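Heads up: the structure comes next, in structure tokens.
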Amino acid sequence: MSRRSGGGCCRHGRVRGELIDSFDGFVFLVPEYNHSFPGALKNALDYVYREWNDKAAGIISYGGWAAGVRAAEALRLVLAELQVATVRARPTISTHPSFSTGAYVPQEGIDTAVHGMLDQVTAWSGALRGVREARTQKAMAA
């Protein structure tokens, strides 16, 4: 994996890097695709490195009967290498019962699960802001 920062030499890459850098935390809504997450997401994650470091993330997965849990686990591994702390709460959506009527019908308890995950992402994002600020101060002093 590349350790470059700033999104490379292209203008759109720099803009993407600056956008990622501007956030304290993230929520990924990820489908399961071939027992993992989509390649386009992997490419987007790999495009920058430093900008992801010391931030928090929550993952909401969806898919068939397994509700995207394999995609979420694969994504957690990649995020760990980017030094992103994933929170424990991880809402899942099984598409079979949710779309059995032809229209989306939320599963019971999904709103509570999502709110719990968002609370964790907010708390961890605030805590990790101090880690990023200390890293920046250390780099400026060197």
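A few points about this structure:
- Every test in (1) at pLDDT 95 or above; (2) open to solvent by 30 Å² or more (accessible area, probe 1.4 Å); (3) within 29 Å of Arg14 (Cβ to Cβ) is passed by Arg135 save one, and that test is (1).
- Restricting segment 23-43 to residues that are under 11 Å from the mean Cα position of the chain (by Cα) and among the aliphatic types (A, V, I, L, M), the residue that is nearest to Arg11 (Cα to Cα) is Leu41.
- Here Ala127 does not fit the description of being touching a helix residue (DSSP H, G or I) at 6+ places or on another chain (Cβ under 6 Å) and within 21 Å of Ile59 (Cα to Cα).
- Odd one out for Val30, checked against (1) within 24 Å of Pro91 (Cα to Cα); (2) in a loop (DSSP other than H, G, I, E, B); (3) hydrophobic (A, V, I, L, M, F, W, C); (4) touching a Gly at 6+ places or on another chain (Cβ under 7 Å): (2)
- Cβ-Cβ contacts under 6 Å between residues 6 or more apart (or on different chains), taken from a first residue in segment 72-85 that is within 17 Å of Tyr33 (Cα to Cα) to a second residue that is crowded, with 16+ Cβ neighbours inside 10 Å and of a type in the set (Gly, Ala, Ser), are listed as Ala72/Ser61; Ala74/Ser36.
- Pairs where the first residue, in segment 102-121, is at negative phi and open to solvent by 50 Å² or more (accessible area, probe 1.4 Å) and the second is part of a loop (DSSP other than H, G, I, E, B) and among the basic types (Lys, Arg), C-beta under 7 Å, 6+ apart: Gln120/Arg88
- From the list Arg50, Arg3, the lone residue that is under 16 Å from the mean Cα position of the chain (by Cα), among the basic types (Lys, Arg) and at pLDDT below 95 is Arg50.
- Matching entry among Ala85, Ala56 (being among the hydrophobic types (A, V, I, L, M, F, W, C), open to solvent by 30 Å² or more (accessible area, probe 1.4 Å), in contact with a helix residue (DSSP H, G or I) (Cβ under 7 Å, 6 or more places away or on another chain) and outside any loop (DSSP other than H, G, I, E, B)): Ala85
The values are calculated or read from the model by the stated rules, or taken from the named source; none is laboratory data. Being a predicted model, the structure only gives us computed values, none of them experimental. Cβ sites come from the backbone with ideal geometry, for glycine too, and all protein chains shown count toward neighbours. Calculation scope for accessible area: heavy atoms of the full protein, side chains included, ligands and nucleic acids excluded. Shrake-Rupley method; radii C 1.70, N 1.55, O 1.52, S 1.80 Å.
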